[in-house]
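Trainee: Quick one: the structure is below, questions incoming.
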Amino acid sequence: MGRPKQFDPDVAVERAMDVFWRKGYAATTPQDLVDEIGIGKGSLYHAFGSKQALFERALTRYRDAQAAWLTELLDHPGPAKDRLRGALEALVALDLGDPDRRGCMAVNTAAESAPSDLWTTDTVRGMFARTEGAFRATVEEGQRAGEIDAGRDAAAVASWLLATVIGMRVLAKTAQDASQLTRVVDAAVAAL
């Protein structure tokens, strides 16, 4: 019978996610991971197989958590424009409230790894599609309620909102304060 695991794999993935998010995949060394998780390299490789496999689990965890968070922000009663504004403002607060200014792990990963890593590209593409889908559903609700012009292409508006969010998350990495990002949010909501 093998020795019992000395660590919780879910906690290990969470800690690895933080390292990959801060440093990026390429700059994260196996030593960074074992230092953060608190296990030996042998245990790391035994539990996860490889740095790439651990990264994939970390990015999947990030994707699922972010999708649930955004869905929760958008999926409640109230005017669609208010919910969209609330989601954009929540992203600004999240990014500016992070002392490490990590931005969005998916955006960072897309900039670092796509298109050279097919799995990563597909995962990030899927995350962006989920975000765009949540925006589209909210825009369509706003169109049915008469808040947003029904003649506008909801898919195009959702794609534009996704591009706005990606840009905001990059800007937040270097913003001195919230003013620039607040202007982006105000302009985006006004353009709806």
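Trainee: Averaging over all projection directions, find the projected area of the Cα convex hull of the chain and quote it in nm² with one decimal place. Intermediate values should be presented prior to the final figure.
Mentor: Details: hull surface 50.1 nm².
Mean projected area for the chain: 12.5 nm², to one decimal.
Trainee: Grab the Cα-Cα distance for Ala90 and Ala187, subtract it from 0.36 nm times how many residues apart they are, and report the gain in nm with one decimal.
Mentor: Working: separation 97, 0.36 × 97 = 34.92 nm, distance 1.59 nm.
This chain segment gains 33.3 nm when fully extended.
Trainee: Also: Is the shape of the stretch 115-192 best called rounded, prolate or oblate, per the rule: a/c under 1.5 gives rounded, else a/b larger than b/c gives prolate, else oblate, with a ≥ b ≥ c the square roots of the Cα gyration tensor eigenvalues?
Mentor: Numbers: a/c = 3.16, a/b = 1.16, b/c = 2.72.
Oblate is the answer for the stretch 115-192, as a/c is 1.5 or above yet b/c matches or exceeds a/b.
Trainee: Can you count the Lys pairs in the chain with C-alpha separation below 26 Å, eight or more apart or on different chains? Walk me through the numbers on the way to the answer.
Mentor: On the way: Lys5/Lys41; Lys5/Lys51; Lys23/Lys41; Lys23/Lys51; Lys23/Lys173; Lys41/Lys51; Lys51/Lys173; Lys81/Lys173.
Pairs that pass both the separation and distance tests number 8.
Trainee: Please give the calculated 222 nm ellipticity per residue for the chain, where each DSSP H segment of at least 4 residues contributes -39500 (n - 2.57) and the sum is spread over every residue; nearest 500 deg cm²/dmol? Write down the numbers at each step before the final one.
Mentor: On the way: 9 runs with 139 residues, N = 192.
Using -39500 (n - 2.57) per qualifying helix, the result is -24000 deg cm²/dmol.
Just so you know, all these numbers are worked out from the coordinates, no wet-lab data involved. All of these numbers come straight from a predicted model, not from anything done at the bench.
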